[in-house]
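One structure is given below, encoded as structure tokens.
The values are calculated or read from the model by the stated rules, or taken from the named source; none is laboratory data. Everything numeric in this text was worked out from a predicted model, so none of it was measured. Glycine gets a Cβ as well: all are built from the backbone with ideal geometry, and neighbour counts include every protein chain shown.
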Amino acid sequence: MCDPAKGIGTAKQFDKAEDLEAYVNFFVASLKPSGFMNWRMFITNDFMEFSEVDHFVLMDDYLSSGSNKETIEEINIKDVAREVNSTFIAQEASALEKMEGAEQEIKKLLEANSAEDIKQMLEVE
């Protein structure tokens, strides 16, 4: 888990996948949605060197082509948040509701006006 912009990060080792999942869910549930873009989370095997992970975080590329290749998996924080972060869930529902409302307004406008009327409304002088 890291915040590359602040140059901070931490590594944790888990014995069971359930413990990892619980930790990720708890962390993401406690984040403010504005902080999602700051944090990145990765899963690696126990043999991955920190320098490999650091290089991957900074360069988005694997440092070596040896046995560690493709053993870094990034967790999509927004995907997790859609299940566990109540603030993010509410924000997405509100945005969807507004989008659906705008679509309805556009449909009403199209039904009430001819193509020529709409063209005149959109013309900028």
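Here are a few things to note about the model shown:
- Number of positions in segment 10-25 that are of a type outside the set (A, V, I, L, M, F, W, C) and either touching a residue at least 12 places away in the same chain (Cβ under 8 Å) or surrounded by 12 or more Cβ atoms within 10 Å (Cβ to Cβ) (or both): 5
- Selection status of LYS78, closer than 30 Å to MET121 by Cβ and in a helix (DSSP H, G or I): no
- Meets criteria (among the hydroxyl-bearing types (Ser, Thr, Tyr) and outside the structural domain of GLN13 (by TED's automatic domain parsing)) for SER94: yes
- Residue within segment 91-101 that is surrounded by 13 or more Cβ atoms within 10 Å (Cβ to Cβ) and either outside any helix (DSSP H, G or I) or among the hydrophobic types (A, V, I, L, M, F, W, C) (or both) present: no
- Pair list, Cβ under 7 Å, 6 or more apart: segment 29-47 residue in a loop (DSSP other than H, G, I, E, B), other residue among the basic types (Lys, Arg): PHE36/LYS78
- When segment 1-30 is filtered for residues that are within 12 Å of PHE42 (Cα to Cα) and among the small types (Gly, Ala, Ser), the ones remaining, listed by number, are GLY9, ALA11.
- Once segment 39-68 is narrowed to residues that are polar (S, T, N, Q) and closer than 13 Å to ALA11 by Cβ, the residue that is modelled with the highest pLDDT is THR44.
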